[in-house]
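The values are calculated or read from the model by the stated rules, or taken from the named source; none is laboratory data. Treat the numbers as computed from the prediction; the structure is a model and nothing was measured. Reconstructed Cβ throughout: ideal geometry from the backbone, glycine too, with neighbour counts over all protein chains shown. Surface accessibility is based on the protein's heavy atoms, side chains included, excluding ligands, DNA and RNA. Shrake-Rupley method; radii C 1.70, N 1.55, O 1.52, S 1.80 Å.
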Amino acid sequence: MEESERIDLQKSKQSQHVMQGITKGLPIFIGYLPIGFAYGILAMQAGFTFIDTILMSVFVYAGSAQFIGVGMIGANAGFLSIILTTFLINLRHLLMSASLSQRLKGNTKMKLSIFSYWITDESFAVNSSWLRKDKAIPFISLLTVSITAYLGWVTGSFLGALVGSQPLDVEKFGLDYALPGMFIILLIYQLENKKYIFLAILSGTISVLLSGVVTHNLHIIIATVAISTLGVVISRWKTH
C-alpha cells in the first residue's frame, strides 16, 4: 500500500470515529438546546450582558451550577459564597473523572486534561455505557461525544440570550423541567439489570433522607459516594 493510500485510509477511519461520536452525542446536543435556552433567558433577565451569558457557557460549562450561579449573582450574593456553592455542586465531577480515567489509561496527560474539561453528567453517562459494551472505543470518538454535547449547550445559550431581553416566563414553557427530565432519561438508560435498579433506588432513598439534614446538595454527593462504593464491593464480591 502506498503512503498516500495509507494516509487516506487513516483519515477515513478518523472520520468514521468522529461520526460515531457525533451519533452518540447528538441526543445530548438536542437535549441541551432547551436547557441552554432557559439558562440564556435567565442570565439575561438577571442582568448579564449578551457576551457574559455566552462566555459563561463557553468557559464555565456547568449546567446546574450556571443556573444557580446566575441566581446568586442576580441576588447579589457574595463572591466566596458563589465559588463555594459552585464547587460543592460540581464535586461529583471528581467521581466521574476518576471513573473514566481508569478506562482511558494509555492516553497522555494532555489528552486526559482536554477530555476532562468537557465531562458532564450526560456525556459521562453515554461514554460510560458505551465503554461497558466495548472497551476498545477510540479516544477521538469519546471526545467527540463530549464536544457535540458542548456545542449543544453553547448553541442553546446563544439562542436563549438572543431572546432573553423579552419578558418571558420560563416556568410557563416548562423549560425549567428540561434538566431534571434529561437526568431521568439518563438514569433509565443506565438501568441495565437488577443490580443497577437496586442501587438506583437505594441511592435515591439515601439522597432524599439526607436532603433534610445536609445543605448545598451534599446529600447527592454522599449518596453517590456511598452507592458507588457499594457497587464496587458487590462487583468484587461476585468475582471472588
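Please go through the range 93-112 and pick out each residue that is open to solvent by less than 70 Å² (accessible area, probe 1.4 Å) and more than 21 Å from residue 192 (Cβ to Cβ).
Initial filter on the range 93-112 (open to solvent by less than 70 Å² (accessible area, probe 1.4 Å)): 93, 95-101, 104, 107, 112.
Once the filter is applied, which keeps residues that are open to solvent by less than 70 Å² (accessible area, probe 1.4 Å) and more than 21 Å from residue 192 (Cβ to Cβ), the range 93-112 yields 93, 97, 98, 101, 104, 107, 112.
Answer yes if at least one residue in the range 162-181 is at pLDDT 80 or above and open to solvent by 30 Å² or more (accessible area, probe 1.4 Å), and no otherwise. If you could, list the steps in order and put the result at the bottom.
Quick first cut of the range 162-181, residues at pLDDT 80 or above only: 162-164.
Right, trim to open to solvent by 30 Å² or more (accessible area, probe 1.4 Å) and you get 162-163.
Yes, that holds for at least one residue.
Could you identify the single residue in 143, 100, 95, 84 that is closer than 17 Å to residue 20 by Cβ and of a type in the set (A, V, I, L, M)? Walk me through how you get there before you give the answer.
On the way: 100 fails: closer than 17 Å to residue 20 by Cβ; 95 fails: closer than 17 Å to residue 20 by Cβ; 84 fails: closer than 17 Å to residue 20 by Cβ.
Residue meeting the stated conditions: 143.
Of the residues 143, 151, 159, only one is on the phi < 0 side of the Ramachandran plot, modelled with pLDDT of 90 or more and more than 16 Å from the chain's Cα centre (by Cα); which? Write out each step before concluding.
Numbers: 143 fails: more than 16 Å from the chain's Cα centre (by Cα); 151 fails: more than 16 Å from the chain's Cα centre (by Cα).
Just one listed residue meets the conditions, 159.
Every listed requirement among (1) modelled with pLDDT under 80; (2) outside any loop (DSSP other than H, G, I, E, B) is met by residue 216 save one, (2).
Consider residue 98 carefully, then state whether it is small (Gly, Ala, Ser), within 16 Å of the chain's Cα centre (by Cα) and over 25 Å from residue 30 (Cβ atoms).
Details: small (Gly, Ala, Ser): yes; within 16 Å of the chain's Cα centre (by Cα): yes; over 25 Å from residue 30 (Cβ atoms): yes.
Yes: the conditions hold for residue 98.
Which is part of a loop (DSSP other than H, G, I, E, B), of a type outside the set (Lys, Arg) and either at pLDDT 90 or above or surrounded by 15 or more Cβ atoms within 10 Å (Cβ to Cβ) (or both), of 59, 115, 67, 48?
Values: 59 fails: part of a loop (DSSP other than H, G, I, E, B); 115 fails: part of a loop (DSSP other than H, G, I, E, B); 67 fails: part of a loop (DSSP other than H, G, I, E, B).
Going through 59, 115, 67, 48 in turn, the sole match is 48.
Just one of the listed residues (28, 41) is surrounded by 21 or more Cβ atoms within 10 Å (Cβ to Cβ) and either farther than 21 Å from residue 158 by Cα or at pLDDT below 90 (or both), namely 41. Just one residue in the set 81, 123 is polar (S, T, N, Q) and surrounded by 15 or more Cβ atoms within 10 Å (Cβ to Cβ); that residue is 123. Taken over the range 118-135, residues that are outside any helix (DSSP H, G or I) and of a type in the set (A, V, I, L, M) amount to 1. Pairs are defined by a Cβ separation below 8 Å, a sequence spacing of at least 6 or placement on different chains, a first member in the range 98-120 that is under 17 Å from residue 134 (Cβ atoms), and a second member that is modelled with pLDDT under 85 and not in a helix (DSSP H, G or I); the pairs so defined are 103/135.
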